[in-house]
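**Student:** A single structure is presented below for examination.
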Ligand SMILES: Cc1cc2nc3c(=O)[nH]c(=O)nc-3n(C[C@H](O)[C@H](O)[C@H](O)COP(=O)(O)OP(=O)(O)OC[C@H]3O[C@@H](n4cnc5c(N)ncnc54)[C@H](O)[C@@H]3O)c2cc1C
């Protein structure tokens, strides 16, 4: 942890303001270039031959007919790729409990999920490449399947990887306090099982790669629809056996990522290999079928939780078990632990519980590998715990909001039983605020009235604490021992305008605006004088990328530090020019003035002219540029989501009526951008709670490879929302900034599920899976009426 | 998701279309709005070697009010039908169309294409059954008129010959006065889990005739003939209606998919029948 924190800018002008996104005109005018908009001279097109079967030995791959097709330039199979890379992806973490998992770039002897790439066809058009792909003949020998994580752990289960015996990538146990004793002595123990459905982030733009190898310069340029151009370069350099200086990775305009694009995929290595072998540019833009079946799935965990409670409703202990469904490989480089481990380790949430234990398994199955997706792990963990808390409230006849407030921690910094240090928040206050916003008491009255008419209104309130600023400290605290490096450069150009570069790529989050706000305030310049560049490894300084609600903190902090250096130099130069002590100077609006003598001033442009072209006038002052890094301590934002639904008890249809959300992410960079983040996450929450499911049948076939079957929420399914803010600055991070990109998806699915259960409380329904299709809701009601509690 | 290679032709006349179809038979497919066919081709589930684009045939577009029947030409866009002043005479049609996909898709998708596609979960085929419409097919031997009841043969299968095209749909304007159209889909614009179109002729609290057509519950749209017969002569409320809904569902054996088990669709059908009949009674007449 760093101790040399610099103070924040004196009086923020831009930070906290609803500044319009400066990047938007380009998008709104259709001028932004996404990967598939890029065309290079001489470019070839690739299509992958993918496995149609879930688990089989590859007996033979016959490419003869495909190769003979006019327009096909090359076909590569596993052997070709192996010969031109340093090896497969090996996903590992330095923890004894975690087994390394090897993922071939193209399957050679065996396929493990429907959609796994087996060969790549490079042709003069994507059409021809796909025609050729249809001509590749592969003989498979069926190996049987695992399609359920718990079944995968059983003794006679089919084994997926010879070097991962028992199909278990990791078994992790955590125990703090005196859990078993507390459970033995507790007057009440409540238990619940929850199976969160398998989903996929499904960004509007799928993955895609263009690689252009220039043999003359021995240089490789890669455009990738990624969340982490610099880190991708580092990882790919290893796989491709090339020096990073010979590689440039550019993330063009990226149409959403949500975590999928924070992983490195085999295709991202295979396409550069093809370009290197052919010395021509090669493009692969994934189609929707590939996106749904072969990018990354997420969130599926089978979970159990016990909560020990005293007679007054005080939670005494939590004991959980989380069996994650990893799919066929551990996602590279983050591992499949991102779901079950994070689901487990956030079990404390806002609740003041000192006795906590959990067990985590991460099980290989014949499905698309699971990776991070917004609020990774936490969505499931919260569905389990907070739906159980609502069950407890009903069983003990306590209002669910009351029960939460009763068990809520205070606002001051707090160390959880799991060892996380919360840096202060508005944990209880945010709950009260959201209740005000929805008119909680009035809604309860309306609910009672409507029930008399046979209408079923339900309310779900889900408070959360969101771990943010995934740097070395956060990662290590949450069980992912890894080091991160993130930096920013701030440079005043000759005309006084400012270029800021960071290694955290923006793919919808508005960093080009919000980070410019930070730089402008710290330097004292006008926002329109600042430009932020973040998506090109050749022109922006290094960083790990944008994911896990980290950029506002890691890049915001790096910028604050670098800008503080530059500001000091501007003041030093201005002091020389104006013949006053720099400590008597102020900068604002890109103008330096002398405190107390308003007549004496200089613009930043004038200072910059001296810095660049002033010759001896520069004196000893360093150049107006600085690069600094920031690896923040753990920081946690908090918030609450409230959902209001109405359930049609004859059809099981759930109508979303309203959402309200309160977000407290400390110092706000731009409330409008924060609201955009929350709104998007709430929409995704509707999908997870009610609609989205990546379905495999018992034979391991994938049944949801089109958007007719994999149901995103559309604007029709997303209700009105009311969004509000509270501000509890972090006591540890630069500027008091906390991250906030994921919180909406930590809390919204369980808010919806709890609203449904609340609506159906007269029937005594318990909900323990998502998504809730109308058929599922109706089955619950009927089971409850038949007298077994809807289980 | 690119289609397999195909030859693309844009004929100017129906005769040319028919000649091409006669020549290529099963190898050819006609393209109307493309909202179903192009997706199938991109998935390579349809691989016609010749694609005959009907969009050059302006004669196949338009709505004509011929007194006892309204004739909708096959290539008329769904949105045009939905917004047509002529169609206000049959408001159930616009109501049904609002449940078909989304505006952008209806702006391109054709009325005839939807019916010829014969998706059993689609709204229009069931509506045609309920309205007792007639399909006009044109083939090498000229026109042939097929009652809706004989048109839908199975999943995506109609009684059109490979040498014929659907050229128009004729809907009788004289229809029972009370109507309702209802469905439940997982999302707005999705194909329904189940849906119902009903038209009732009610006088003095008694059903003189009842038509109930369902979709999404079998391999074709279906009429609930037993329930319809049961309702005749009765006041379709309370227990009578419950019984009609029960009879409707009992006759169905819907299949399951990832969106709902068949048993659910069966139950849903009975709920929808109850609600639709009630809504029809409350609305009173075709206005
Ligand atoms: C996202 C989405 C959602 C949708 N939701 C719904 C929905 O909820 N309900 C619904 O009903 N539909 C829905 N559709 C389908 C839509 O209504 C299509 O427009 C319709 O099914 C086909 O009409 P088309 O004109 O596009 O035909 P095309 O796609 O061009 O053709 C469909 C088939 O019919 C054949 N055909 C077309 N015209 C003729 C003709 N005149 N004679 C003989 N054969 C012909 C074609 O050869 C082809 O086999 C949806 C489509 C999309 C893309």
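**Student:** With an 8 Å cut-off on Cα pairs and a minimum separation of 6 or more residues, tell me the relative contact order of chain A in percent.
**Tutor:** Values: 2055 pairs, mean separation 124.7, N = 791.
Once divided by the residue count of chain A, the mean separation gives 16 percent.
**Student:** A further question on this structure: Need one word for the range B:128-175: rounded, prolate or oblate. Basis is the Cα gyration tensor (sqrt eigenvalues a ≥ b ≥ c); a/c below 1.5 gives rounded, then a/b vs b/c decides. Display every interim value, and only then the final one.
**Tutor:** Values: a/c = 2.99, a/b = 1.37, b/c = 2.19.
It comes out oblate by the Cα gyration axes.
**Student:** Based on alpha-carbon atoms only, what is the radius of gyration of the range B:68-182 relative to the globular estimate 2.2 N^0.38 Å?
**Tutor:** On the way: Rg = 13.3 Å, N = 115, 2.2 N^0.38 = 13.4 Å.
For the range B:68-182, the normalised Cα radius of gyration comes out at 0.99.
**Student:** While we're here: Return A:620, A:244, A:692 ranked ascending by Cβ neighbour count within 10 Å, so the fewest neighbours appear first.
**Tutor:** Going from sparsest to densest Cβ surroundings: A:620, A:244, A:692.
**Student:** Is the range A:379-499 best put as rounded, prolate or oblate by its Cα gyration tensor, with a ≥ b ≥ c the root eigenvalues, rounded for a/c under 1.5, and otherwise prolate when a/b is larger than b/c, oblate when not? Display every interim value, and only then the final one.
**Tutor:** Details: a/c = 2.98, a/b = 1.91, b/c = 1.56.
Taking the square roots of the gyration eigenvalues as a ≥ b ≥ c, the range A:379-499 is prolate.
**Student:** Using only C-alpha atoms and all pairs of different ones, pull out the Kirkwood radius for the protein assembly as shown in Å with one decimal. Provide the component values of the computation, followed by the final result.
**Tutor:** Working: mean 1/r = 0.0315 Å⁻¹.
Evaluated over the protein assembly as shown, this radius sits at 31.8 Å.
**Student:** Could you pull the Rg and Dmax for the range B:7-53, using just the Cα atoms, both in Å?
**Tutor:** 10.4, 30
**Student:** Working out 0.36 nm times the residue gap between residue A:650 and residue A:720, then minus their Cα-Cα distance, what length gain in nm do you get to one decimal?
**Tutor:** On the way: separation 70, 0.36 × 70 = 25.20 nm, distance 2.48 nm.
My answer for the length gained is 22.7 nm.
**Student:** Where in the range A:525-552 does the label zone of residue A:612 land, with the point 7 angstrom along Cα→C-beta and an amide N cut-off under 20 Å?
**Tutor:** Only A:525-533, A:539-541 pass the distance filter.
**Student:** Given 37 °C and 0.692 mPa s, how large is the Stokes-Einstein diffusion coefficient of the range B:178-283 in µm²/s, with Rh as the Kirkwood radius over Cα pairs?
**Tutor:** Values: Rh = 13.5 Å.
Once the numbers are plugged in, D ends up at 243 µm²/s.
**Student:** Under the rule a/c < 1.5 gives rounded, and otherwise a/b versus b/c splits prolate from oblate, where does the range A:2-157 land using the Cα gyration tensor?
**Tutor:** Working: a/c = 2.65, a/b = 1.39, b/c = 1.91.
Cα axes put the range A:2-157 in the oblate bin.
**Student:** Still on this structure, I have one more. Taking just the alpha carbons, could you work out the radius of gyration and Dmax for the range A:601-686, both in angstroms?
**Tutor:** So, for the range A:601-686, Rg and Dmax equal 25.6, 85 Å respectively.
**Student:** When a footprinting reagent is the concern and you count Cβ atoms within 10 Å, what order do B:38, A:502 take, fewest first?
**Tutor:** B:38, A:502
**Student:** Could you work out the Kirkwood radius for the range A:701-753, taking every pair of different alpha carbons, averaging 1/r and inverting it, reported in Å?
**Tutor:** Working: mean 1/r = 0.0664 Å⁻¹.
It works out to 15.1 Å.
**Student:** Along the Cα→Cβ direction, 7 angstrom out, place labels at residue A:33 and residue A:279. What is the inter-label distance in nm?
**Tutor:** Once both label points are built, they end up 2.5 nm from each other.
**Student:** Still on this structure, please answer the following. Assuming 0.36 nm per residue, please report the length gained on full extension of the stretch residue B:38 to residue B:150 beyond their Cα-Cα distance.
**Tutor:** Numbers: separation 112, 0.36 × 112 = 40.32 nm, distance 2.70 nm.
Going from the current span to full extension adds 37.6 nm.
**Student:** While we're here: Sort B:132-138, A:611-617, B:276-282 for me by packing, meaning the mean count of neighbouring Cβ atoms within 10 Å per residue, highest on top.
**Tutor:** Working: B:132-138: 21.6, A:611-617: 12.9, B:276-282: 19.6.
The peptides rank, most packed first, as B:132-138, B:276-282, A:611-617.
**Student:** Report, as an integer, the average count of C-beta atoms from other chains found within 10 Å of each Cβ along A:116-128.
**Tutor:** Details: counts 0, 0, 0, 0, 0, 0, 0, 0, 0, 1, 2, 4, 2.
Partner Cβ neighbours, averaged per residue: 1.
**Student:** Hey, another quick one. Looking only at other chains, what is the average number of their beta-carbon atoms within 10 angstrom of each beta-carbon in B:181-187?
**Tutor:** Working: counts 0, 0, 0, 5, 3, 9, 9.
Averaged over the peptide's residues, the number is 4.
**Student:** Based on the Cα gyration tensor of the range B:171-211, what are the three equivalent ellipsoid semi-axes, each the root of five times an eigenvalue, rounded to whole Å and given largest first? Can you show the working numbers first?
**Tutor:** Values: eigenvalues 143, 28, 9 Å².
Largest first, the range B:171-211 gives 27, 12, 7 Å.
**Student:** Continuing with the same structure: Be a star and scan the range B:166-198 for residues whose amide nitrogen sits under 19 Å from the point 7 Å along the Cα-to-Cβ vector of residue B:16.
**Tutor:** Within reach of a label on residue B:16, which here means backbone N under 19 Å from a point 7 Å along Cα→Cβ, the range B:166-198 contributes B:166-167.
**Student:** If you don't mind, another one. Quick check on packing: order A:135-147, A:194-206 by the mean number of other C-beta atoms within 10 Å, highest mean leading. All intermediate terms of the calculation are to be shown ahead of the outcome.
**Tutor:** On the way: A:135-147: 17.0, A:194-206: 22.4.
So the peptides A:135-147, A:194-206, ranked by packing, come out A:194-206, A:135-147.
**Student:** Right, another one. Using Stokes-Einstein with the Kirkwood hydrodynamic radius over Cα pairs, what translational diffusion coefficient do you get for chain B at 25 °C and a viscosity of 0.890 mPa s, in µm²/s rounded to a whole number?
**Tutor:** Details: Rh = 19.4 Å.
It comes out at roughly 126 µm²/s.
**Student:** Could I have the simple spin-label model distance between residue B:225 and residue A:701, label points 7 Å from Cα toward Cβ, reported in nm to one decimal?
**Tutor:** 3.3
**Student:** In addition: If I model a spin label at residue A:244 and residue B:246 as a point 7 Å from the Cα along the Cα→Cβ vector, what separation in nanometres do I get?
**Tutor:** Label-label distance for residue A:244 and residue B:246, simple model: 7.4 nm.
**Student:** Next question. Mind giving me the FRET efficiency for residue B:161 and residue B:89? R0 is 45 Å, r the Cβ-Cβ distance, nearest 0.05 is fine.
**Tutor:** Numbers: r = 32 Å, r/R0 = 0.71.
Computed FRET efficiency for residue B:161 and residue B:89 comes out at 0.90.
**Student:** Relative contact order (percent) for the range A:153-260, with alpha-carbon contacts under 8 angstrom and 6 or more residues of separation? Don't skip to the end; give the middle numbers.
**Tutor:** On the way: 97 pairs, mean separation 23.4, N = 108.
Worked out over the range A:153-260, it gives 22 percent.
**Student:** Right, next: Which FRET efficiency, nearest 0.05, do residue A:124 and residue B:204 yield, Cβ-Cβ r, R0 60 Å? Show your work: numbers first, answer last.
**Tutor:** On the way: r = 74 Å, r/R0 = 1.24.
Plugging the Cβ-Cβ distance into 1/(1 + (r/R0)^6) gives 0.20.
**Student:** When ranked by the protection proxy of mean other Cβ atoms within 10 Å per residue, highest first, what sequence do the peptides A:295-306, A:709-720 form? Don't skip to the answer; put the middle values down first.
**Tutor:** On the way: A:295-306: 25.5, A:709-720: 16.2.
The most tightly packed comes first, giving A:295-306, A:709-720.
**Student:** Oh, and also: Starting from the exponent 0.38 and prefactor 2.2 Å, build the expected Rg for the range A:345-409 from its residue count and divide its actual Cα Rg by it. Write down the numbers at each step before the final one.
**Tutor:** Values: Rg = 14.9 Å, N = 65, 2.2 N^0.38 = 10.7 Å.
My calculation over the Cα atoms of the range A:345-409 gives 1.39.
**Student:** At a threshold of 8 angstrom on Cα-Cα distance, excluding pairs fewer than six apart, so keeping six or more, what relative contact order does the range B:59-172 reach in percent? Spell out each step's value before the answer.
**Tutor:** On the way: 208 pairs, mean separation 32.4, N = 114.
After rounding, I find 28 percent.
**Student:** Something else about it: Provide the FRET efficiency to the nearest 0.05 for the residue A:597-residue A:672 pair, computing r from the beta carbons and using R0 = 35 Å. Before the final figure, lay out the partial values.
**Tutor:** Details: r = 38 Å, r/R0 = 1.09.
FRET efficiency, residue A:597 to residue A:672: 0.40.
**Student:** How much of the DSSP beta bridge set in the protein assembly as shown is antiparallel, as a percent to the nearest 5? Walk me through the numbers before you get to the answer.
**Tutor:** Working: 150 of 187 bridges.
If I count the DSSP bridges inside the protein assembly as shown, around 80 percent turn out antiparallel.
**Student:** Stretch residue A:82-residue A:533 to full length: gain in nm at 0.36 nm per residue minus the Cα-Cα span?
**Tutor:** Details: separation 451, 0.36 × 451 = 162.36 nm, distance 3.54 nm.
That works out to 158.8 nm of additional length.
**Student:** Do the sum for the protein assembly as shown: with -39,500 (n - 2.57) for every DSSP H run of n ≥ 4, divided by all residues, what is the mean residue ellipticity at 222 nm, to the nearest 500 deg cm²/dmol? Don't skip to the answer; put the middle values down first.
**Tutor:** Numbers: 32 runs with 323 residues, N = 1078.
-9000 deg cm²/dmol, from helical runs alone.
**Student:** Right, another one. Most exposed first by the Cβ proxy, i.e. fewest other Cβ within 10 Å, how do A:618, A:628, A:404, A:31 rank? Before the final figure, lay out the partial values.
**Tutor:** Numbers: A:618 16, A:628 20, A:404 26, A:31 10.
Ranked by crowding around the Cβ, least crowded first: A:31, A:618, A:628, A:404.
**Student:** Now for a separate question. How shielded is B:257-268 by partner chains, expressed as the average number of their Cβ atoms within 10 Å of its Cβ atoms? Write down the numbers at each step before the final one.
**Tutor:** Values: counts 3, 9, 8, 6, 4, 1, 3, 8, 1, 0, 7, 7.
Mean partner-chain Cβ count within 10 Å for B:257-268: 5.
Laboratory data are not the source of any read-out in this text; all were calculated from the coordinates shown. Here the structure is a predicted model, which means the values were calculated and not measured. Heads up, the Cβs are rebuilt from the backbone with ideal geometry, glycines too, and the neighbour counts pull from every protein chain shown.
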